[in-house]
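Values quoted throughout were computed directly from the atomic coordinates according to the rules given, and no laboratory measurement underlies them. Since the model is a prediction, treat every value here as computed from it, not as a measurement. FYI the Cβ positions are ideal-geometry reconstructions off the backbone, even for glycines, and counts take in every protein chain you see.
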Amino acid sequence: MNVRPDFSRHGNKAETAPAFLSVWDMHSYYGESYIVQGISFNVHEGEILALLGRNGAGKTTTLRSIARLGTPQVQRGEIWLDHKPLHNMASHEAAMNGLGLVPEDRRIIPGLTVEENLQLAQIAPPVGWSIERLYDLFPRLGERRKQEGVTLSGGEQQMLSIARALARDIKVLLLDEPYEGLAPVIVDEIEKTLRHIKEQGMTTIIVEQNAVRALQLADRAIILDTGSIVFDGTAAEVLENESLRAEYLAI
């Protein structure tokens, strides 16, 4: 249900939240277009949350709003990560505090090798994800470490985008359409990796048009419809509810 997160309060000011990531009453716009219309939800540490809905429901806008990007414009709301308020931060500050967005277009930097893309992103010294550990996670990247990143296949570029986010020792991984245009065998490989990093404690929000694959991966699901939450529950509940899937996901 669309219920306000249970913020703990000190005086009259919300200073902390029980969940690892909390979004409260977030409203986002593209110009005059009112896209995200007052949504609230919690994500617990180590959880995979599938953010689903038809095209135009507000899924990508929600991810970009959490990541504090300049567009869309967040007009109102609170975003808390690991007891820190992100809602007044710029995007680079939110990234420094643990958010890692992997956009749909991947944004591999031209002219740089796989390894240079990772080195550019990595904090120094690395705390959790060294480059060699990332190569263990993505062996294909290790094999192609000296190859220019933009010449990789689509699946390999997606792996590089995820590895680049992890290189910053993030707390929450935000994935926008990670399976788009990829062969099923590559999707299987990426899913296996996401399950592995979940076992390491990574918290993940995934936006994906292939709703069944996302639900099979996720612990929980939120369904958006015209910028509002119409369902917040377990992924299994969505998989078992044919009428819900037909009405809001067309599956």
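Quick notes
- Added length on full extension, which subtracts the Cα-Cα distance from 0.36 nm per residue, Gln37 to Gln75: 12.7 nm
- Gain upon complete extension [Asn55, His92; 0.36 nm per residue less C-alpha separation]: 10.5 nm
- Per residue Cα convex hull volume in Å³ - calculated over the range 132-251: 122 Å³
- Working note: Debye formula, equal point scatterers on the alpha-carbon atoms of the chain, no solvent; log10 I(q)/I(0) at q = 0.14 Å⁻¹ is -0.94.
- Length released on extending from Asn210 to Val127, taking residue separation times 0.36 nm less the Cα-Cα span: 26.5 nm
- Other residues whose C-beta falls under 12 angstrom from the C-beta of Leu112 contribute a net charge of +1, scoring Lys and Arg +1 and Asp and Glu -1.
- Using only side-chain charges placed at the Cβ, +1 for Lys and Arg and -1 for Asp and Glu, the dipole size of the chain relative to its Cα centre rounds to 500 debye.
- For the peptides 74-84, 211-221, the ranking by packing is 211-221, 74-84, with the highest mean count of neighbouring Cβ atoms within 10 Å listed first.
- Sorting the Cα pairs of the range 34-180 by distance into bins of 5 Å, from 0 upward, gives 2, 9, 18, 21, 20, 14, 10, 6, 1, 0 percent per bin.
- Over 26 Å (Cα to Cα) - which of Lys59/Lys171; Lys171/Lys192; Lys146/Lys198 fall in this group: Lys146/Lys198
- Helix runs (DSSP H) in the chain reaching 15 Å along axis by Cα, Kyte-Doolittle at least 0.5: none
- Most to least packed among 135-148, 19-32 [average Cβ atoms within 10 Å]: 19-32, 135-148
- As a ratio to 2.2 N^0.38 Å, the alpha-carbon radius of gyration computed for the range 87-153 takes the value 1.22.
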